[in-house]
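One structure is given below, encoded as structure tokens.
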Amino acid sequence: MQKLIINGGTKLKGEVQISGSKNAVLPIAVAAAILGDSLSVLHNVPNLTDVKTLSAVLEGLGASITRKNESLYIEPINRMEYEAPYELVRQMRASIYVLGPLVAKLGKAKVSFPGGCAIGPRPVDLHIRGLEQLGADVDVKKGYIFAQADRLVGADMDLTGQHGPSVGATANVMMAATLADGTTVIRGAAREPHISDLAKFLTAMGADIEGIGTSVLTIRGVKQLHGTEHTVVSDDIEAGTFMVAGAITNGNVFVRGISQQQIPAISEKLTEAGVHLEWNDKGVWVTVPDQLKAIDVTTVPFPGFPTDMQAQIMGLMTLASGSSTITENVHTDRFIHAAELNRMGADIRLEGRKAIVNGVSYLSGAPVMASDLRAGAVLVVAGMAAVGETVVSRIYHIDRGYEAIETKLNNLGANIVRVKDND
């Protein structure tokens, strides 16, 4: 394993290019590999471990995937494989995306329960319910999901879960519905930018989808989908993370490749906290003219504040003036990073789904451990603002969602070294 050694205290300055969205490229690659009948080319694909793992899953199903620089060339499955390999699926939750497309294309699927970040239970009941409403027979036993259908049939359904729209279920059912007989209406559909990007990709493949970007998607099934060429949308969460990195170090950073429309709630909350954002058609300049101010944040589905930015905004609030309350309404057990931030001198108290963050005058470097992808990101961000040396271990979590994070930050003036962890 590897770790990051961070010497803090440097103001970040310069420009950073945001990579393609991990959360968009994963379901898009699934659609290209399973639903398409010919070659698809995806551009602006980040070089992440999650992308590599999913590529291996799809190759195990019979697809052929070649990477050239920032592009993936995907030849769809050429044999009747319907079981996603357990040893790969267990590594990432996004592997569940193959379930619906496999049933739609091959008539059956066998997928083990997926793995991923340890941020509490994220049940697949909405995925299963959606496929059942399309006419699939779904059985769960011995850690596997078995699904089959001679032919999927369009249906009118609501995919709103306990904590709002389900991003994963929306993607899975939408992909399956593109090849179903008749019309499918998904109410309570997720509206995140990467879901809209998936819908645009499917449309370019020949799918008939209305309501892209809204909470009601109408999908009229077609007989087949063809390959296409597509540039993946930029990563809104990476952009938000680098905006926080610029702000917490009191830097002057231009975040290139993101639009305000992609991150409305992130922009609003950073502005409320005293971060100055100057937008143009290429991206946004991030500066902090005065002392950061405490704010209250509640995570909700898009266009609200994203749960994937909850850790980063908490890190920023550790150095804000006053007391902040951060409420996590999407995932349980997503405050593990609070204890690690407290090791660095933060003052954070947990009360159920709420974190009370009392701003401190400074953070101190310390050995800390990444428990999941976004928790790892905030520890890196906090480490750059801290006095002294911070050592972040278990950074394989970070590599799942951030491409060359230390290289990008070092180009802005950070002092971060990646070394082998001998522990």
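The values are calculated or read from the model by the stated rules, or taken from the named source; none is laboratory data. Because the structure is a prediction, the values reported are computed rather than measured. Every residue, glycine among them, receives a Cβ derived from its backbone with ideal geometry; neighbour counts consider all protein chains shown. All accessible areas refer to the heavy atoms of the entire protein, side chains included, with ligands and DNA or RNA removed. Shrake-Rupley method; radii C 1.70, N 1.55, O 1.52, S 1.80 Å.
The table that follows gives values for the structure above.
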item: Where only alpha carbons of region 339-420 are counted, the Rg and the Dmax (Å); result: 13.0, 39
item: Cα-based shape type of region 183-231, given that a ≥ b ≥ c are square roots of the gyration tensor eigenvalues and the cut on a/c is 1.5; result: oblate
item: ASP208 versus THR183: modelled label distance in nm, points set 7 Å from Cα along the beta carbon direction; result: 0.9 nm
item: The chain, helix-only ellipticity at 222 nm - DSSP H runs n ≥ 4, -39,500 (n - 2.57), divided by all residues, nearest 500; result: -8500 deg cm²/dmol
item: Lys/Arg +1, Asp/Glu -1 at C-beta; the chain dipole; positive extreme among LEU72, ALA136, ALA207; result: LEU72
item: Taking the chain and dividing mean pair separation by its residue count, relative contact order in percent (alpha carbons under 8 Å, at least six apart); result: 21 percent
item: Angle between the chain longest axis and helix 373-385 axis [Cα atoms, degrees, rounded to 10]; result: 20 degrees
item: With Cα atoms, 0 to 90° folded angle of helix 167-177 axis to the chain main axis; result: 20 degrees
item: Pairs from LYS13/LYS269; LYS13/LYS408; LYS52/LYS200; LYS200/LYS223; LYS269/LYS354; LYS22/LYS293 whose Cα-Cα separation, in the structure shown, is over 20 Å; result: LYS13/LYS269; LYS52/LYS200; LYS22/LYS293
item: On Cα atoms only, tilt of 193-204 relative to the major axis of the chain in degrees; result: 30 degrees
item: Burial ranking of peptide ranges 314-325, 231-242 (average Cβ count within 10 Å, highest at the top); result: 231-242, 314-325
item: Charge context of GLY413, other residues only, Cβ under 12 angstrom, K/R +1, D/E -1; result: +2
item: Solvent-accessible area per residue for the chain (1.4 angstrom probe, square angstrom); result: 38 Å²
item: Peptide ranges 143-155, 9-21 listed from the most packed, as the mean C-beta count within 10 angstrom indicates; result: 9-21, 143-155
item: Label corresponding to Cα extents along the principal axes in Å when calculated from the structure given, among [x] 77, 52, 40; [y] 69, 47, 39; [z] 63, 46, 38; result: [z]
item: Accessible carbon and sulfur surface of the chain relative to its total accessible area, %, 1.4 Å; result: 47 percent
item: Magnitude of the charge dipole, the chain, Cβ model with Lys/Arg +1 and Asp/Glu -1, debye to 20; result: 480 debye
item: Relative contact order computed over region 215-350 (Cα-Cα under 8 Å; 6+ residues apart), in percent; result: 19 percent
